[in-house]
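The numbers here are math on the coordinates, done by the rules we state, and not lab data. As the structure is a computational prediction, the values presented were derived from the model and not from experiment.
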């Protein structure tokens, strides 16, 4: 097809400096794939430590946590589970 014609016409430019663009693109692709794999791994690893909010609420009704001064905000991507930072805070206070 036409793409094959463009490719064959430009393949000679690889030796004359076109390899730089190809190398940069490959490095960027490697960085992006590593980032995606690492993010997935981190999400799976932290997900194992989270507990459902219903279970946490039931436990907090049984045993009241110690109150500390100030306000804390715990962000999570899953609205149905308690964030790991909240669990860590409850464990140490």
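The table below gives the values:
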{"quantity": "Fully extended contour minus Cα-Cα distance, from residue 62 to residue 22, at 0.36 nm per residue", "calculated": "8.3 nm"}
{"quantity": "Percent RCO, i.e. relative contact order, over the chain, from Cα pairs under 8 Å lying at least 6 residues apart", "calculated": "27 percent"}
{"quantity": "Stretch gain in nm, segment residue 4-residue 32, where the contour uses 0.36 nm per residue and the Cα spacing is subtracted", "calculated": "7.3 nm"}
{"quantity": "Rounded, prolate or oblate (a/c below 1.5 giving rounded, otherwise prolate when a/b exceeds b/c) for the stretch 1-48 by Cα gyration tensor", "calculated": "oblate"}
{"quantity": "Residue-averaged [θ]222 nm for the chain, counting only DSSP H segments that reach four residues, each worth -39500 (n - 2.57)", "calculated": "-20000 deg cm²/dmol"}
